[in-house]
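Down below is the structure, laid out as structure tokens.
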Amino acid sequence: MKHKKFGTTGHEVSVIGQGTWYIDRGDRKSSVAALRRGLDLGMTHIDTAEMYGDAELVIAEAIAGRRDETYLVSKVLPSNASLRGTVTACERSLSRLKTDRLDCYLLHWRGSYPLAETVDAFEQLVRSGKIRSWGVSNFDADDLDELLDVAGEGKIACNQVLYHLHERVIERAVIPWCAKHGVAVVAYSPFGHNDFPDSRSKGGAALQTVAKRHGVSTRQIALAFLARDPQVFPIPKASSAEHAAENAAAGDLALSAGDIAALDQAFPRGQKPRSLPML
């Protein structure tokens, strides 16, 4: 599994990580096995959130005895993102995850609390050793500008955003902004939300062609395409150990310029919407 620098944190993080949204709704034994298989294959970046039900409990079981090899991320809900609420939410997540620290802690999306208040809480958590870095999720470029004014350069570790073949709008402003300021881009729902390209569609046919050229699955090609940018870290979810292994193999794929050009044409970015797409 290849690794890349995760923003300005100084940490090398696996190119492909593991998402956990809805992981608590399936068979728990299978979910734990999938996360452990992912770790075995180098997908050490595991992402979760307090909003994800019992996902933190599933992760705690999966990483038992393996915490030091895991790059662990969780998120605070905007409704909890006051100074005191952020600290309390983080401590609750640490307890559920059965760990003493998070490698990165994110504001799940922007809410009503002032950014300065949430940032103050993040910095307090850094000083106390409960988190090693912090970032945000679902922030557009203008939101990031405001956050930068509050926090200063070098503080924002990452921005986690919706990014898949049918939803490439972040390439217009968000990814360039993050590249300029050394912020990692974490791609959630990298296969889309029940809308992965059908092989009978024009885009799906192009994806199949590239996949056959490399002798891999279309989903592996999709992950490799998203991860082509040095800023981007896709975090697909896996419901089984076999699925985790398929995701992990995408971390070693190298697409050619011709592959990228074909997919770029098959899945156009489209016009910038009024607001950043999110799930």
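The table below lists the values:
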{"item": "Restricting the range 86-117 to residues that are of a type in the set (G, A, S) and buried (at least 17 other Cβ atoms within 10 Å of the Cβ), the residue that is farthest from A60 (Cα to Cα)", "result": "A89"}
{"item": "The lone exception for M43 - which of (1) at pLDDT below 95; (2) buried (at least 23 other Cβ atoms within 10 Å of the Cβ); (3) not hydroxyl-bearing (S, T, Y) it fails", "result": "(1)"}
{"item": "Residues that are open to solvent by 10 Å² or more (accessible area, probe 1.4 Å) and either free of Cβ contacts under 8 Å to residues at least 40 places away in the same chain or touching a helix residue (DSSP H, G or I) at 6+ places or on another chain (Cβ under 8 Å) (or both), drawn from the range 171-187", "result": "A173, P176, W177, K180, H181"}
{"item": "Failed item in (1) out of contact with any helix residue (DSSP H, G or I) (no Cβ under 7 Å at 6 or more places or on another chain); (2) of a type outside the set (F, W, Y); (3) assigned to a strand (DSSP E or B), with D142 passing the rest", "result": "(3)"}
{"item": "Candidate set: the range 118-170, residues that are open to solvent by less than 10 Å² (accessible area, probe 1.4 Å) and of a type in the set (S, T, N, Q); chosen: the one nearest to S189 (Cα to Cα)", "result": "Q160"}
{"item": "Yes/no for A211 being more than 24 Å from M278 (Cβ to Cβ), crowded, with 16+ Cβ neighbours inside 10 Å and modelled with pLDDT of 95 or more", "result": "yes"}
{"item": "Residue within the range 170-185 that is among the small types (G, A, S) and within 17 Å of E50 (Cα to Cα) present", "result": "no"}
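The values are calculated or read from the model by the stated rules, or taken from the named source; none is laboratory data. Predicted, not measured: the structure shown is a model, and the values here were computed from it. Cβ: placed from backbone, ideal geometry, glycine included. Neighbour counts: every protein chain shown. Please note that ligands, DNA and RNA were not included when accessible areas were found on the heavy atoms of the full protein model with its side chains. Shrake-Rupley method; radii C 1.70, N 1.55, O 1.52, S 1.80 Å.
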